[in-house]
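Nothing in this text is a laboratory measurement; each read-out follows from the coordinates by a stated rule. Quick caveat, the model's predicted, so the values are computed rather than measured. Here the Cβ is made from the backbone with ideal geometry for all residues, glycine too, and neighbour counts use every protein chain on show.
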Amino acid sequence: MLFKIAFKEMKEVLREGRFRILSLLCLLLLVVAVFSAKKYYEYVNAQHRSAAEKERMNWLYQDAKNPHSAAHYGTYAFKPKQPLSLLDQGVDKYTGVSIYLAAHARNEAEYMAAQDQTALSRFGDLTADFILLFLIPLLIILTGFNIISREKELGTLRLLQSMGVSPVALAWGKWLGLFIPVAGVVILVFIIVYFLLVNIPDFGQVSFSAVTLLLGVYLIYYGVFANLTLLFSAWAKRSALAFVLLLTTWMVMCLAMPRLTTTLADKLYPYPSQQEFYDAINQDKKKGLSGHEPWSEAAKKLEQQVLAEYGVDSLHKLPFNFDGYLMQKGEEHEAEIYFAHYQKLKETYEKQSRFYRQAALLSPYLPARFLSMALSRTDYYHHWHFCDEAEKYRLYMMNELNMNLAENSKFGDWGYKADPSFWATIKPFEYEAPSYASIISMNTGNFAVLLVWFAASMAVMLVRFKNLKP
Amino acid sequence: MSYRYQYKYEWLVLLRERWIIILSVITLFLFIYAAFSGRERVEERKRPIAVAREEMKANDERLKLLIDSVERGLKSGLSPWQNPQRLNVVGQQAARVAAFDPQPLALIATGQSDLFTHVVKPRLYGEAQTLGFSELSNPVQLLFGNFDLAFTIIYLLPLLVLAFSYNLLSAEKESGSLRLTLAQPVGVTRWLFNKISVRFLVLSVLVIISLLVALILAGVSVSEQGSGILRMLIAILLYMIFWFGLSFLINLRGYSSGQNAVILVSAWVLLVLLVPATISHLANHLYPVPSRVVMLTELRYAEAEAQKKADSILESYYRDHPELMPAQSSGQHLYIFWIKYFAAQEEIRKAMQTVLNAYEDKLQAQQRTVDRLRFLSPAILIQNVLNEIAGTSTRHYNSYRAQVVAFAETWRQFFVPKIFRNELMKKEWIDELPSFTWDEKLVEKQYLADTLALIAYAVITFGVAIWLQRSLLKRELIISA
């Protein structure tokens with residue numbers, strides 16, 4: 001009985017003009033979005049790779065110079081674009097793509113794409129996630145809002161019930177009839193995405209299980225909307241009312257809640273301003289070792305320590321260049337200060353994330369969005385990870401340079417120039433994204449909330465169907 | 001038929017529809033919440049500016065005292081990098097706050113303000129164009145956007161309009177009263193137009209009152225900001241007329257209420273969600289923003305070449321660590337070092353400027369092209385109007401960057417001639433330092449063009465509706481009713 005109902009429902013949906021037009025439109029938009037995202041991915045990565053190569057050339061072809069001058073010339077780390085940004089661009093547009101790695105400062109990532117675009121770009125881009133998260137639920141609503149209320153209005157519900165159709169079979173039948181055609185459209189798109197990913201040069205980095213998991217997340221998200229559609233269709237006395245209720249729900253969940261949540265999250269756990277952040281860092285820097293203050297107290301203390309350690313009474317008698325050593329110690333100290341402040345920032349970010357997970361109880365859009373970004377490697381966590389890895393590389397680079405100065409020159413001899421062959425001994429920056437296992441384990445909260453939404457909405461829907469009156 | 005009678009009747013019908021009153025109350029509260037939410041963002045924007053200005057004042061006092069002490073010989077043994085009598089020290093440490101204060105109506109639209117910092121302090125050395133203009137924020141917030149008045153107006157107001165008018169003709173058709181009305185010597189178009197006019201009048205009054213209440217509660221002075229508020233209201237009313245026009249058009253096709261609802265909601269999704277996103281997407285693909293990353297590699301190469309030249313003037317380690325320079329007691333000798341330092345940095349600065357200026361020109365050209373695409377959607381037009389009135393449009397921030405760069409040059413020119421003349425800093429000069437003032441007049445205004453375009457959209461929608469109606473006979477409507 002269940003499958004007979006499902007089959008009949010599916011036939012009706014597929015014959016329905018509005019489903020055909022809307023699903024075709026969605027499919028077309030998805031294909032356009034995915035193909036243009038692929039082009040953009042290749043464009044950005046080609047640029048970043050070429051820029052990284054040129055930077056490396058700039059670094060290698062430096063003349064003989066003081067290693068610390070090389071540390072000030074520095075180099076750049078470029079953030080690679082991830083293959084699954086085909087599906088979800090996440091926050092890529094709102095984060096910087098290059099970090100300047102040089103002495104005495106941990107710099108922020110620069111060149112946020114959104115800053116160079118006009119206000120038009122704040123309307124969003126035609127990306128797959130835009131259509132998958134906003135429009136497909138609307139497709140479900142527009143196709144299914146009168147799936148039960150129509151039967152009530154036409155009088156056929158009475159006939160169905162008089163035939164002894166169990167309410168659960170009816171519910172499941174209708175559900176499958178609505179869900180399967182929509183799922184079909186989405187699965188088709190994912191198959192196209194699979195094909196595109198296989199043709200990408202560095203597809204080895206792509207985990208197909210991640211793509212499948214992403215598909216799973218979206219299908220559960222659509223399941224929630226199918227549940228809600230059936231629920232309201234069964235509950236409302238007239239189709240028009242069901243439609244209005246569903247539309248309002250969609251708007252509140254997908255448009256209003258994200259904005260309300262970010263406003264509240266920012267109010268409850270505010271980020272410091274750029275000003276405050278750097279003022280605090282500079283205050284801390286003044287108190288300790290700094291490469292730019294060789295006359296400071298901390299520097300003098302270090303001097304005494306080292307002199308005592310080596311049992312000499314003058315810096316000239318040390319077996320290494322104290323200035324280089326001081327630079328390195330200053331660098332390490334400042335790196336610790338930066339690390340501590342960035343940790344505090346991360347804590348604020350984590351508190352905000354926890355708030356988003358709590359708010360997810362009011363909107364399934366939120367966990368779906370965050371999971372989609374996490375699995376596509378385009379969420380804020382991945383940006384943090386890149387910045388942290390770049391900082392680790394910067395410290396490695398500074399250490400090599402400062403130690404070269406310390407070991408190969410005498411104190412006071414600022415004329416020391418390292419041989420150009422030295423620059424090549426510093427390895428270039430290679431970025432590796434965190435493992436999927438870690439990403440998934442970090443997002444179990446979001447998974448859980450989405451599953452709770454699915455289960456709860458399904459339960460309420462089934463209860464309503466049990467009490468269905470024609 | 002007496003149109004006055006129709007107006008009166010419509011008004012009474014409206015008053016008796018309970019859900020319209022509910023919607024009105026919800027609208028009022030939404031506007032109030034949005035206004036307060038916008039105001040909070042503005043307060044957040046003002047805070048760092050206030051802090052920076054206070055710090056600057058305190059620092060000025062400290063420098064004055066320090067210069068005074070040095071002049072009287074009380075403080076000695078200061079390294080040249082700390083001695084405030086050195087003009088270069090003041091140029092670095094007494095940096096002025098170049099702030100972009102929020103406009104009085106900034107609360108209505110976040111616009112681009114969440115992407116940038118509003119406090120910058122250009123110093124004597126360092127390239128002003130490479131100054132960081134970013135603010136620290138969670139990019140998820142930038143992605144999701146804010147619940148401000150602009151959001152309510154662009155996205156939610158059309159839905160309100162559609163809710164008020166989607167079934168004006170279809171409800172009458174379904175209840176059977178359309179036949180009775182059309183049996184009279186009255187044109188369908190004129191009759192429906194009257195109905196929609198009443199709804200438009202009522203909704204306009206509701207929206208205007210809600211907006212004014214929300215703005216007043218959020219602390220805006222209506223008398224002072226009258227001009228801005230008036231411009232905003234005109235644009236909003238034109239936007240509403242467009243949506244009423246769409247409803248008018250669809251109603252006249254004679255579909256059922258349910259069909260009207262589906263079509264109009266689809267139109268909303270298309271015009272407010274899809275079309276702007278598609279245009280934005282196309283714009284960035286057909287006319288891509290020139291790549292900053294590519295510019296960066298050119299910049300770095302230019303910098304490397306210039307550094308070689310600069311090294312011939314002054315060794316790079318002194319350029320990177322001027323504080324390492326051996327301390328001398330005589331002033332004359334020192335300034336020669338600083339002049340060399342300055343000349344060396346100038347070499348690098350000039351090389352980088354050429355690359356940066358070329359990039360800026362390309363970027364401006366691309367933005368101007370993309371800007372013209374706003375005429376393709378009324379949602380984009382009204383976003384532009386609201387951003388301009390709030391002072392948070394793209395043009396405002398481009399102008400801010402340009403004004404800061406210009407100020408950085410003014411700042412440099414205060415010190416450079418004096419450095420070359422070997423002068424020492426006087427404490428009276430602290431009060432005469434050049435200061436930055438934001439010039440709103442330098443921002444290009446597009447309000448007129450946008451309003452004309454919105455008028456065109458409103459007129460064309462109604463025009464098309466009436467033109468299409470000519471092909472549908474009144475008789476057909478009555479028969480199908």
When segment A:410-470 is reduced to its Cα atoms, the Kirkwood hydrodynamic radius in Å: 18.4 Å
Inter-probe distance in nm under a simple model that places probes 7 Å from Cα toward Cβ, at residue B:269 and residue A:28: 1.4 nm
Cα principal axis extents for chain A, largest first, Å: 104, 43, 37
Signed unit charges on C-beta, dipole axis of chain B, positive-most listed residue B:189, B:218, B:383: B:189
Size of chain B as Cα extents on the principal axes (Å, biggest first): 105, 44, 33
Rg/Rh ratio calculated on Cα atoms of segment A:110-157 (Kirkwood radius): 1.39
Net charge of neighbours whose Cβ lies under 14 Å from the Cβ of residue B:379, counting Lys and Arg as +1 and Asp and Glu as -1: +1
Proximal lysines to residue B:309, defined as alpha-carbon separation beneath 24 angstrom and excluding residues fewer than eight positions away on the same chain: A:54, A:65, A:417, B:340, B:350
Dimensions (Å) - segment B:157-209, Cα atoms, principal axes, largest first: 38, 20, 13
In degrees, nearest ten, helix B:257-268 long axis to first principal axis of chain B (Cα): 20 degrees
Mean ellipticity per residue at 222 nm, deg cm²/dmol - from DSSP H runs of n ≥ 4 across the protein assembly as shown, formula -39500 (n - 2.57): -22500 deg cm²/dmol
Residue order, fewest to most beta carbons within 10 Å, for A:460, A:193: A:460, A:193
For segment B:1-95, projected area of the alpha-carbon convex hull averaged over all directions, nm²: 12.1 nm²
Globularity ratio of segment A:140-282, using Cα Rg and 2.2 N^0.38 Å: 1.54
Whichever aspartates and glutamates have a C-alpha closer than 15 Å to that of residue B:64, once near sequence neighbours (fewer than 8 apart) are set aside: B:55, B:428, B:431, B:432
Violating pairs (Cα-Cα greater than 28 angstrom) within the set A:79/B:445; A:344/A:392; A:287/B:121; A:93/A:267; A:152/B:195; A:11/A:237: A:79/B:445; A:152/B:195
Set of aspartates and glutamates with alpha-carbon distance to residue A:8 below 20 Å, sequence-local pairs under 8 removed: A:16, A:151, A:153
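May I ask which of A:285/A:346; A:300/B:427; B:308/B:418; B:57/B:441; A:285/A:410 have a Cα-Cα span longer than 22 Å here?
Pairs exceeding the cut-off: A:300/B:427; B:308/B:418; B:57/B:441; A:285/A:410.
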Hydrodynamic radius of segment B:347-481 per Kirkwood, over alpha carbon pairs, in Å: 20.1 Å
Rg(Cα) / (2.2 N^0.38 Å) computed for segment B:161-272, rounded to two decimals: 1.29
Residue-count net charge about residue B:57 - beta-carbon cut-off 12 Å; Lys, Arg +1, Asp, Glu -1: -1
D (Stokes-Einstein, µm²/s), Kirkwood Cα radius, segment A:262-358, 0.890 mPa s at 25 °C: 154 µm²/s
Per-selection Kirkwood Rh - the protein assembly as shown (Cα, Å, 1 d.p.): 31.6 Å
